[in-house]
Amino acid sequence: MSRGDGASRRPWGERRRTAPHVLEAAAEAPTAEAPADDVAAAPVAGERYGSFWRPADVSAAMLSILSNDDTELFEQSGRAQAEALVALLPSADATVVDLGCGIGRVAKYLAPRCKLLWGVDVSAEMLEMAAERLAGIPNVRFSHCADTRIPEIADASVDFVYAVLVLQHLEREDTFLMLREIRRILRPGGTAYLGFPNLLSDVYLRSFVAYAESGEAATNPVRARAYTPQEVERLLPAAGLTVVTLEATVDIVAVVVRNRVPEERD
């Protein structure tokens with residue numbers, strides 16, 4: 001499927017109303033870059049990040065997600081990530097959010113293991129491809145989020161959220177706002193699985209130095225922002241999320257639950 005010039009494409013929200021992220025990314029290429037001719041000249045108000053993710057076809061989408069367009073590897077990595085996430089699902093009746101679902105790499109394999117899966121992304125192009133790839137799976141819905149907001153998903157309505165190879169592409173302040181949004185949609189006691197690049201690893205330290213030396217940090221809005229484990233441990237509670245486990249290797253992987261406040265009841 002080709003993106004074309006967009007003249008014949010209906011907006012994602014209109015189309016959706018009319019028709020019912022493990023294997024690690026390549027160690028030496030941990031970031032995804034949008035081709036210059038696929039980046040909008042000026043971001044749409046309220047959709048800054050969506051303007052940066054406009055793959056022309058499925059192959060380009062795979063490259064932007066995993067830095068590799070090998071279909072077998074793409075599917076294998078999605079299947080492996082889904083298997084790792086299944087253990088965190090509270091039950092087969094869980095409502096799940098795939099935050100930054102892309103074209104459904106992980107959702108394709110996790111959706112059959114839960115009651116409802118929301119695929120959420122800032123990219124209308126990615127969502128369109130995901131809808132086509134997952135058309136035969138009846139319990140998947142899609143939501144086009146506006147930067148750090150997911151307006152279609154209600155407060156305290158989700159059992160499990162996962163974000164793989166996603167939060168790294170947001171400015172740090174926006175990552176914090178997205179963590180708060182994750183807390184908003186989680187039910188009290190709901191769980192999230194969150195990944196961050198680890199600045200203390202050799203892979204992401206090299207990436208950081210390369211950005212600094214090339215000046216690319218100022219020109220690549222979707223570069224990977226690396227964190228230290230200590231930073232992640234501080235940010236998550238500040239966003240209302242309690243850390244259950246935190247492992248730091250090449251990536252920092254945190255499993256968190258939504259904090260309860262006195263007025264909340266199950």
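Looking at Val209, Val222, which one is among the β-branched types (Val, Ile, Thr), in a loop (DSSP other than H, G, I, E, B) and over 24 Å from Ala84 (Cα atoms)? Give the steps one after another, and end with the answer.
Values: Val209 fails: in a loop (DSSP other than H, G, I, E, B).
None of the other options fit; the residue is Val222.
For Val203, state whether it is in contact with a Phe, Trp or Tyr (Cβ under 8 Å, 6 or more places away or on another chain) and either buried (at least 20 other Cβ atoms within 10 Å of the Cβ) or in a helix (DSSP H, G or I) (or both). In short, no.
Each row is one residue, and each column tells you yes or no for (1) over 30 Å from Val256 (Cα atoms); (2) modelled with pLDDT of 90 or more; (3) not in a loop (DSSP other than H, G, I, E, B).
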| residue | (1), (2), (3) |
| --- | --- |
| Glu33 | no, no, no |
| Asp37 | yes, no, yes |
| Ala42 | yes, no, no |
| Ala56 | yes, yes, no |
| Ala60 | yes, yes, yes |
| Ser64 | no, no, yes |
| Ala80 | no, yes, yes |
| Ala84 | no, yes, yes |
| Asp93 | no, yes, no |
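Of the listed requirements (1) within 20 Å of the chain's Cα centre (by Cα); (2) over 20 Å from Trp118 (Cβ atoms); (3) not in a helix (DSSP H, G or I), Val244 misses just one: (1). When the residues of region 137-149 are filtered to those that are at pLDDT 95 or above and part of a loop (DSSP other than H, G, I, E, B), the one that is nearest to Thr95 (Cα to Cα) is Asn139.
I'm checking my understanding of the structure. Among residues of region 150-168 that are part of a loop (DSSP other than H, G, I, E, B) and more than 23 Å from Ile65 (Cβ to Cβ), which one is modelled with the lowest pLDDT? Step through it out loud before you land on a result.
Keep residues of region 150-168 that are part of a loop (DSSP other than H, G, I, E, B), which gives 150-157, 164-166.
Narrowing the set further to residues that are more than 23 Å from Ile65 (Cβ to Cβ) leaves 151, 154-157.
Working: Pro151: 93, Ala154: 97, Asp155: 97, Ala156: 97, Ser157: 98.
Of everything passing the filter in region 150-168, Pro151 is modelled with the lowest pLDDT.
Taking region 225-241 as the range and being assigned to a helix (DSSP H, G or I) and either on the phi > 0 side of the Ramachandran plot or not charged (D, E, K, R) (or both) as the test, the residues that pass are Pro229, Gln230, Val232, Leu235, Leu236, Pro237, Ala238.
Any residue at all in region 247-264 that's surrounded by 13 or more Cβ atoms within 10 Å (Cβ to Cβ), under 17 Å from the mean Cα position of the chain (by Cα) and assigned to a helix (DSSP H, G or I)? Within region 247-264, not a single residue is surrounded by 13 or more Cβ atoms within 10 Å (Cβ to Cβ), under 17 Å from the mean Cα position of the chain (by Cα) and assigned to a helix (DSSP H, G or I). From the set of residues in region 226-266 that are polar (S, T, N, Q) and touching a strand residue (DSSP E or B) at 6+ places or on another chain (Cβ under 8 Å), which is modelled with the lowest pLDDT? Top of the filtered list is Asn259.
The values are calculated or read from the model by the stated rules, or taken from the named source; none is laboratory data. Since the structure is predicted, the reported quantities are computational estimates derived from the model, not experimental observations. All Cβ positions, even for glycine, are placed from backbone atoms using ideal geometry, and neighbour counts span all protein chains on display.
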